[in-house]
1. Can you pull out the residues in segment 1-28 that are of a type outside the set (Phe, Trp, Tyr) and either more than 15 Å from the ligand (Cβ to nearest atom) or surrounded by fewer than 19 Cβ atoms within 10 Å (Cβ to Cβ) (or both)?
2. Is it the case, given these coordinates, that Ile66 is farther than 30 Å from Gly221 by Cα, touching a residue at least 12 places away in the same chain (Cβ under 8 Å) and in contact with a strand residue (DSSP E or B) (Cβ under 8 Å, 6 or more places away or on another chain)?
3. Any residue at all in segment 289-299 that's surrounded by fewer than 20 Cβ atoms within 10 Å (Cβ to Cβ), in contact with a helix residue (DSSP H, G or I) (Cβ under 9 Å, 6 or more places away or on another chain), part of a strand (DSSP E or B) and not β-branched (Val, Ile, Thr)?
4. Among Ala101, Ala94, Ala76, which is more than 17 Å from the chain's Cα centre (by Cα), touching a residue at least 40 places away in the same chain (Cβ under 8 Å) and under 15 Å from Ser41 (Cα atoms)?
5. With Ala127, Ala31, Ala136 as the choices, which residue is touching a helix residue (DSSP H, G or I) at 6+ places or on another chain (Cβ under 9 Å), assigned to a strand (DSSP E or B) and within 12 Å of the ligand (Cβ to nearest atom)?
6. Those residues that are more than 16 Å from Gln128 (Cβ to Cβ), modelled with pLDDT under 95, in a helix (DSSP H, G or I) and not acidic (Asp, Glu), I need them from segment 186-205; list them, please.
7. Across segment 153-186, what is the number of residues that are over 28 Å from Asp284 (Cα atoms) and loosely packed, with under 14 Cβ neighbours inside 10 Å?
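The values are calculated or read from the model by the stated rules, or taken from the named source; none is laboratory data. All values derive from a computational prediction rather than experimental measurement. In this analysis, Cβ positions are derived from the backbone assuming ideal geometry, glycine residues included, and neighbour counts consider all displayed protein chains.
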Amino acid sequence: MSQNDTFTASSPGKFILLGEHSVVYGKPAVALAINRRFRCSVRRNSVNTLNGMTLDTNIHPHIGYILRANKINGVAISTESGLPSSSGLGSSAALSSSLSAAIKAMKGEEGDRRVIADEAFNAEYEAQGRASPLDASCCTFGKGIAINCSESVGKEIWSVSKGDNGWRISEVAVPKMTFVVGYTGVRARTGPLVEKVRKYKEHNRFASDIVDEIGKITLDGVDAMSRGNVEELGSIMTQDHKLLSILGVSCNELNKLVNASLKYSYGAKLTGSGGGGSMIALTDEPEKVCNTIILHGGLPFIVETGVPGVTVE
Ligand code: PMV
């Protein structure tokens with residue numbers, strides 16, 4: 001291995017099927033990895049750079065965290081993303097996860113996925129001020145990830161806690177289903193939306209009840225998915241969208257795309273932190289959903305699920 005060797009890793013993006021925001025408070029959630037990846041290459045260097053420019057860790061706090069966690073100073077990082085940033089599709093977790101794996105390869109370490117997921121989670125936590133390990137786990141382990149669901153969903157892969165909240169992260173089997181993602185084109189940062197829900201929840205009992213309700217319907221959704229009942233799962237997704245709207249994290253652009261897609265879908269909802277970003281629809285008529293998303297000002301793409309997690313290339 002020479003000093004100039006380049007090491008590359010990639011991680012998938014993800015969408016949250018059910019349970020965003022309430023998972024931050026330890027409630028159940030499910031996320032599925034998608035066939036759009038974030039790729040990170042690293043090479044030892046005299047100074048830290050990102051895509052040829054001096055790295056500013058104030059602008060890129062996730063990168064700053066991963067470099068500190070791996071005691072690395074002096075690396076040239078280059079990135080290539082198949083995911084729009086701030087779109088609710090996990091680009092920051094996929095960046096942290098792929099960077100952590102590439103750096104470990106550069107250090108000659110075997111990257112344990114639990115360590116990579118933990119680093120990616122802590123990078124999110126630090127950057128957002130509060131976070132769940134859902135995105136970090138899904139972008140690292142790939143396929144389907146369930147948090148705090150019953151033991152029967154699948155093998156537990158790791159667990160973590162912070163303050164009052166604990167998360168048990170398990171694999172979940174994902175039956176063949178067709179999803180369309182609709183990107184609103186509105187970039188929305190996760191941190192301020194997570195903070196908005198925290199404040200609402202702190203000052204309003206009603207908001208806490210909504211968070212609990214999202215957790216409950218998520219368990220029903222996981223059960224419907226395990227039985228392959230797409231009608232029931234779709235209707236729970238739509239119900240989740242309504243609850244998230246009441247929590248104040250939807251917006252006109254998202255509501256427009258969700259409403260339009262419902263005509264051709266089992267169900268639809270915003271995915272990720274909301275406030276813009278993306279929505280998803282579960283459908284047997286993906287072309288029709290794509291057309292209606294375009295007609296209503298969004299950018300659609302049909303996604304494949306069940307894809308592998310972080311991979312050193
Ligand atoms: O918008 P994204 O892809 O960063 O997803 C955020 C999901 C939240 O539940 C809102 C926050 C979290 O850390 O789980």
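1. Applying the first criterion (of a type outside the set (Phe, Trp, Tyr)) to segment 1-28 yields 1-6, 8-14, 16-24, 26-28.
Of everything in segment 1-28, those that are of a type outside the set (Phe, Trp, Tyr) and either more than 15 Å from the ligand (Cβ to nearest atom) or surrounded by fewer than 19 Cβ atoms within 10 Å (Cβ to Cβ) (or both) turn out to be Met1, Ser2, Gln3, Asn4, Asp5, Thr6, Thr8, Ala9, Ser10.
2. Details: farther than 30 Å from Gly221 by Cα: yes; touching a residue at least 12 places away in the same chain (Cβ under 8 Å): yes; in contact with a strand residue (DSSP E or B) (Cβ under 8 Å, 6 or more places away or on another chain): no.
Criteria not met by Ile66.
3. Of segment 289-299, the ones surrounded by fewer than 20 Cβ atoms within 10 Å (Cβ to Cβ) are 291, 294-297, 299.
Filter again for in contact with a helix residue (DSSP H, G or I) (Cβ under 9 Å, 6 or more places away or on another chain), leaving 295-297, 299.
Add one more test, that the residue is part of a strand (DSSP E or B), and what stays is 299.
Checking the rest, the ones that are also not β-branched (Val, Ile, Thr) come to 299.
Taking every residue of segment 289-299 in turn, at least one turns out to be surrounded by fewer than 20 Cβ atoms within 10 Å (Cβ to Cβ), in contact with a helix residue (DSSP H, G or I) (Cβ under 9 Å, 6 or more places away or on another chain), part of a strand (DSSP E or B) and not β-branched (Val, Ile, Thr).
4. Numbers: Ala94 fails: more than 17 Å from the chain's Cα centre (by Cα); Ala76 fails: touching a residue at least 40 places away in the same chain (Cβ under 8 Å).
Testing whether each residue is more than 17 Å from the chain's Cα centre (by Cα), touching a residue at least 40 places away in the same chain (Cβ under 8 Å) and under 15 Å from Ser41 (Cα atoms) leaves just Ala101.
5. Working: Ala127 fails: assigned to a strand (DSSP E or B); Ala136 fails: assigned to a strand (DSSP E or B).
The conditions single out Ala31.
6. Going residue by residue through segment 186-205, those that are more than 16 Å from Gln128 (Cβ to Cβ) are 186, 200, 202-205.
Cutting the leftovers down to modelled with pLDDT under 95 gives us 202-205.
If we keep only those that are in a helix (DSSP H, G or I) as well, we get 202-203, 205.
Those that are more than 16 Å from Gln128 (Cβ to Cβ), modelled with pLDDT under 95, in a helix (DSSP H, G or I) and not acidic (Asp, Glu): His203, Arg205.
7. Let us first name the residues in segment 153-186 that are over 28 Å from Asp284 (Cα atoms), namely 155-169.
Imposing the further condition that a residue be loosely packed, with under 14 Cβ neighbours inside 10 Å reduces the set to 155-156, 161, 163-164, 166.
Qualifying residue count for the region: 6.
Table: residues versus (1) in contact (Cβ under 8 Å) with a residue 60 or more places away in the chain; (2) under 22 Å from Ser10 (Cα atoms); (3) not acidic (Asp, Glu).
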site	(1), (2), (3)
Ala127	yes, yes, yes
Cys138	yes, yes, yes
Ile147	yes, no, yes
Ile157	no, yes, yes
Lys162	no, no, yes
